[in-house]
Amino acid sequence: MTSPVPASDHVAPRAAPSAARYAAPRHAVWLGAAAIVADQVGRVLLVRPTYGKDDRWLLPGGVVEPGEHPHVTCRREITEELGLADLTLAGVLAVHSLSPHHPDIGRS
């Protein structure tokens, strides 16, 4: 199965803007979507983002773009972060949101 996100929609990596600049054109709340990817024995796939200043491991995912469904966000982020374009997603389990004024938004 191939990704519904066309190859032309994939974006080359670029320098991350400041949290305030990134938040300015976004939703009134930040929506995030992450995927739980497990193998046959139940091990869960985690990623260590290169943009972080610590050694945190996270579920693959990211910020939902305006008008984007969280399921599409998961598929896009899995393709961008992992290069896996043919992963089948079963469904949306949860959606997490933060106000742009939440104290965690200013952290990198």
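Which ones in the stretch 42-70 are surrounded by fewer than 17 Cβ atoms within 10 Å (Cβ to Cβ) and in a helix (DSSP H, G or I)?
Within the stretch 42-70, no residue meets the criteria.
What residue, among those in the stretch 4-31 that are loosely packed, with under 12 Cβ neighbours inside 10 Å and closer than 13 Å to Glu65 by Cβ, is modelled with the highest pLDDT?
Per the criteria, the residue is Pro25.
Go through (1) at pLDDT below 80; (2) within 20 Å of Ala16 (Cα to Cα) one by one and return the number of the condition Ala34 breaks.
That leaves (1) as the condition not met.
Output the number of the condition that Leu84 fails; it satisfies all remaining conditions of (1) under 26 Å from Ala15 (Cβ atoms); (2) modelled with pLDDT of 85 or more; (3) touching a strand residue (DSSP E or B) at 6+ places or on another chain (Cβ under 8 Å).
(3)
Can you list residue pairs whose Cβ atoms sit under 8 Å apart, with the first residue in the stretch 33-50 being more than 21 Å from Val63 (Cα to Cα) and the second being exposed (fewer than 13 other Cβ atoms within 10 Å of the Cβ)? Count only pairs 6 or more apart in sequence or on different chains.
Listed by first residue and then by second, the contacts come to Ala38/Val44.
Among the residues of the stretch 71-95, what is the count of those that are crowded, with 16+ Cβ neighbours inside 10 Å and of a type in the set (Ser, Thr, Tyr)?
2
The values are calculated or read from the model by the stated rules, or taken from the named source; none is laboratory data. From a predicted model like this one, the values you see are computed outputs, not experimental measurements. Counting neighbours? That spans all protein chains shown, and the Cβs are built from the backbone with ideal geometry, glycine included.
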